[in-house]
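Working notes, structure below.
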Amino acid sequence: MQCKNNSTIDDCRAVLTHKFGCRFPYMSSHASLVSLVFLCVFCFQPESGWSQGSPFGNAPAQAVSVENLAPWLTDIPLKTRRTGFLPEENEIYYRVLGYASSANPEEVKTAATEFLRQRWKQSKYSKRPFEEFPVYVDMYLDPEAYQGRPVIMSGHLQRTVISDAGKNEHGVDQLCEAWLYTDDSQSNPTVVLSTSFPEGMPIGEQAIDHVKVTGYIYRMYTYEARDTGRFAPVLMANHIQWTPPQAENSSDYSLLQIIFIFGLLLGVSLFIALMLQQRWLLKREQDRIAQSLLEEEPPKF
């Protein structure tokens, strides 16, 4: 039961008595009525809760989940002619990045796989294996369907940069930026933003192969290329998986080493066998000559 602004004094007094367990004296003056009304409104406002899945204090009224962050992005333009990130989106930018970096990786991976599988089934690529679904192409053609949703993209990184984060309330201390190129994106990048890179991964302009990124699509990033504006998806990373060249080729190196050692031993064995055969042939020839000499008639004096 709530005390409304149009309730009578007796109704408000009854509600307050029920709420706080004590009686209030009769108030007849207009000032007392106004005070009581304000007290009712203040005391009986509905309690506000945090959005589900949000790790940050007072979250927006709309709830989000690990499967969909779109409710947070309703006020963010999917595309804008202004390049880079806008100052007015700083708060939501850091909120989404902080959420993406702190969410459970397995849950995000499961949600991303399920979302992409749904997109694959509904697309013209459904006759191909799911592993061949061109995520970048589908996302570029229908970015609205991807905004706020988790995805998994694989390819190579170019231009990795680490910088200090701006002031924020979401626990983001540094910004890690890279441009991801996938097999189906050709020369078009996906801007990857994270709070950390895998340990040991090179930082700079060199290409980094064998990278898989799981995270959330934030919006389309505007950048200048050849005197024209282009759009690139922004992926707020939850997890970046990188296979170092040494680890990737460790099994190949072991196989090569085994082949080399086997070849070396085989070569040495053949050499020894050949030498023994030559010695055997030489000895047999010497024995033959000696036997022939013994069989000859001895000289007469």
Å² of accessible area per residue within region 135-194, as computed with a 1.4 Å probe and no ligands counted: 46 Å²
Built amide H within the under 5 Å cut-off of ALA103, gap 5+: none
Separation in nanometres of the label points that stand 7 Å from Cα toward Cβ, at LYS109 and GLN257: 2.9 nm
Phi to ³J(HN,Hα) by Karplus 6.51 cos²θ - 1.76 cosθ + 1.60 over region 259-270, Hz, x for Gly, Pro: 4, 5, 5, 4, x, 4, 5, 5, x, 4, 5, 5
Residues in region 179-193 reached by a label modelled at ASN168 [backbone nitrogen below 16 Å; 7 Å Cα→Cβ]: 191-193
Segment GLU131-GLU177, extension gain: residue separation times 0.36 nm, minus the distance between their alpha carbons: 13.9 nm
Accessible surface of region 163-251, 1.4 Å probe, proportion on carbon and sulfur as whole %: 42 percent
Computed magnitude of the charge dipole of region 67-211 (debye, nearest 20; Cβ of K, R +1, Cβ of D, E -1): 540 debye
Label-to-label distance, nm, for residues given as SER292 and GLN206 (7 Å Cα→Cβ offset): 7.0 nm
Rounded to whole Hz, the Karplus (6.51, -1.76, 1.60) HN-Hα couplings of region 178-187, x for glycine and proline: 8, 10, 9, 10, 9, 4, 8, 8, 6, 9
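The values are calculated or read from the model by the stated rules, or taken from the named source; none is laboratory data. Please read all numbers here as calculations on a predicted model, not as lab measurements. Note: ideal-geometry Cβ built from the backbone for every residue, glycine included; neighbour counts use all protein chains shown. Quick note on the areas: whole protein, heavy atoms, side chains included, nothing else; ligands and nucleic acids left out. Shrake-Rupley method; radii C 1.70, N 1.55, O 1.52, S 1.80 Å.
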